[in-house]
Amino acid sequence: MKKLLALVFCFVLVFALSGCASYRTYEQIAADGKLVVATNATFPPYEFIDDDGNYSGIDIEIIEAVGEYLGLEVEIQNIEFDAILTAVPSGKADVGIAGMTVDETRLKSVDFSDTYATGKQVIITSADSGIAGVDDLAGKKVGVQTGTTGDIYASDDEAIGSVEQYNSGIEAVLALSQGKIDAVIIDNEPAKAYIASYDSLIIIDEEYTYEEYAICIAKGNDTLTAKINEALSALKADGTLQAIIDKYISAD
Ligand code: GLN
């Protein structure tokens, strides 16, 4: 009886453990025919919900083109930005695409595909704030989207007075427009999209950092990473990737 109990216990343990770190391999995804993609659709022009209620943007079109290349249907899961970094390792989503910057800390918990776009962090402030560059953020209240690189830089910058975290960049920009904070640090293209509806807000010319965006994949899910990279390089080579970017971003 004891042996039987021990055996049952072993099965339960193995089952529980395999349930924990269970990302789907490329073979399993291919058999299912569907790639589950986590994003945070509050980040135009990379991912947003358009006027017809559809997911739209550069990342959405890129991942759909990747899916098409691999013969996979794409299912979008719209979740909080910082939740993507746990959804992917735990297998709730196969990949994450969200204007996500390749960064050393993230590389400890996820792998990244080859990069498909570049970005930079910029400062948004009100035209009359007197803030003209990074140094002027000393002692100021700075808004960021939780868990983003803007959050990481602002939190690491000891000169900044306080860092206020918001669920989305647009909420941070709203708080800025209401005078609750002095500036927002965020990616340059979403910054342009966010301030479009506020006459009083400007983007400071001085950029905070240069960044590279990539698709995140569970650590060690190597065949999937290789397949995604194969698709990305085919889409680069035939001009699809650039055409998608040009559709949403006009050259300055
Ligand atoms: N590029 C930034 C990051 O990776 C912001 C991404 C986002 O807010 N979707 O943290």
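Where only DSSP H runs of four or more residues are counted, the chain gives -11500 deg cm²/dmol as its mean residue ellipticity at 222 nm, each run worth -39500 (n - 2.57). Remark: for residue pairs Lys34/Lys92; Lys108/Lys141; Lys92/Lys219; Lys108/Lys236; Lys92/Lys247; Lys34/Lys236, the C-alpha separation exceeds 20 Å in Lys108/Lys141; Lys108/Lys236; Lys92/Lys247; Lys34/Lys236. Projecting the Cα atoms of Thr118, Ala231, Ile244 onto the charge dipole of the chain, computed from C-beta unit charges around the Cα centre, puts Ala231 farthest toward the positive end.
In plain terms, the C-alpha convex hull of the chain casts an average shadow of 16.9 nm² when viewed from every direction. Dipole check for the chain: with +1 at the C-beta of Lys and Arg, -1 at the C-beta of Asp and Glu, and the Cα centre as origin, the magnitude is about 1420 Debye. Exposure proxy for Leu235, Leu35: other Cβ atoms within 10 Å of each Cβ, ordered fewest to most, give Leu235, Leu35.
Neighbour counts of C-beta atoms inside 10 Å place Tyr194, Tyr213 in the sequence Tyr213, Tyr194, starting with the fewest.
Computed from the coordinates by the stated procedures, all read-outs in this text should not be read as laboratory data. On a predicted model such as this, the values are computed, not experimentally measured, just so you know. Glycine also receives a Cβ, built like all others from the backbone with ideal geometry; neighbour counts cover every protein chain displayed.
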